[in-house]
Amino acid sequence: MKKGSFIILIVTVVLLGCKKSDRDEDVTTNSSADVAFSTNLVYDVFKTIHQAAYSSSGIVSSTTMDTNTVFNCDTITVDTLSNPKTLTIKFNSNCNYNGIVRNGSLSASFNGFYDNTGTTTTLVFSDFSYNGFTVMSGSMSYQYIGLTDSFPTYSISFNELKILNTNNQKIFYSGNHQLRIIQGKSTIETSDDIYSISGSNTGIAFKGNSFTSQITTDLNLAGNCNWINSGIVDVKPNNLTTRILNFGSGCDDKINVSIYENNYELVIP
């Protein structure tokens, strides 16, 4: 009888211990913060190339604007005679625009005019850094697939983007997204654009844990904002419960992460 009671006691302790481990100590938010940061970086790159392409004669089919800079601390060079056409943005040392510091260069190749349906843009990163985070390797490309519900739409993919932080930690980030320009499509400037983004991601966070994520409420990003303005992402770290990443409802660097009934407000680097 005593032996049976002892076994029941042990089982109860184990179950309670598992419950505590699974719920009370499952509070890491690093994967969600890394998804938020990396997504912002990806779309900062998209916006930069997008603005440069629409501002460069010969890269788009026609433009009333032809400039050699995006942020006035960089230089755009184009080659419209090669096949594919190419565009390179070389940033001055610590090119600072609106609080974002960029270094290195971004190069894009186009297998047609940027604004023609079916044109694919392929990016190459050369010592490119964003606020001190360096893109070491990986690929990114996107294709203009035409109008979806009257909105210009791009299919965007990035694979094994290896991003190094200032602590020599690395994140690997992959994803397949669709981006629609839901406002500002009639002007060349991107500052009045609003983008709507859907899709999913996989990767390994800076702390080393793998994750998957799915955009459940489309992300909204304004062309004149450094951060994603709104949207919700389910982030699932390996062997942990799903976190709810909420980008809020305004142009700021704050996000909210929900784990069970607990909410954490974080700041995107």
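Among the listed residues LEU106, LEU87, identify the single one that is crowded, with 18+ Cβ neighbours inside 10 Å, touching a Ser or Thr at 6+ places or on another chain (Cβ under 7 Å), within 23 Å of CYS225 (Cα to Cα) and at pLDDT 95 or above.
Answer to the check: LEU106.
Would you check which residues across segment 181-193 are under 25 Å from VAL135 (Cα atoms) and free of Cβ contacts under 8 Å to residues at least 60 places away in the same chain and list them?
Residue satisfying the conditions is SER191 alone.
Conditions (1) in contact (Cβ under 8 Å) with a residue 12 or more places away in the chain; (2) over 26 Å from PRO269 (Cβ atoms); (3) over 20 Å from the mean Cα position of the chain (by Cα), marked per residue:
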| site | (1), (2), (3) |
| --- | --- |
| MET65 | yes, yes, yes |
| ASN68 | no, yes, yes |
| LYS85 | yes, yes, yes |
| ILE89 | yes, no, no |
| PHE110 | yes, yes, yes |
| THR120 | yes, yes, no |
| VAL135 | yes, no, no |
| TYR144 | yes, yes, no |
| ILE156 | yes, no, no |
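Considering only segment 229-237, I want to know if a residue exists there that is surrounded by fewer than 16 Cβ atoms within 10 Å (Cβ to Cβ) and within 24 Å of MET136 (Cα to Cα).
no
Does SER21 qualify as being over 25 Å from the mean Cα position of the chain (by Cα), at pLDDT below 90 and either closer than 22 Å to ASN238 by Cα or not in a helix (DSSP H, G or I) (or both)?
Answer is yes for this residue.
The values are calculated or read from the model by the stated rules, or taken from the named source; none is laboratory data. Because the structure is predicted, anything quoted here is derived from the model rather than measured. Virtual Cβ from ideal backbone geometry, glycine too; neighbours counted across all protein chains shown.
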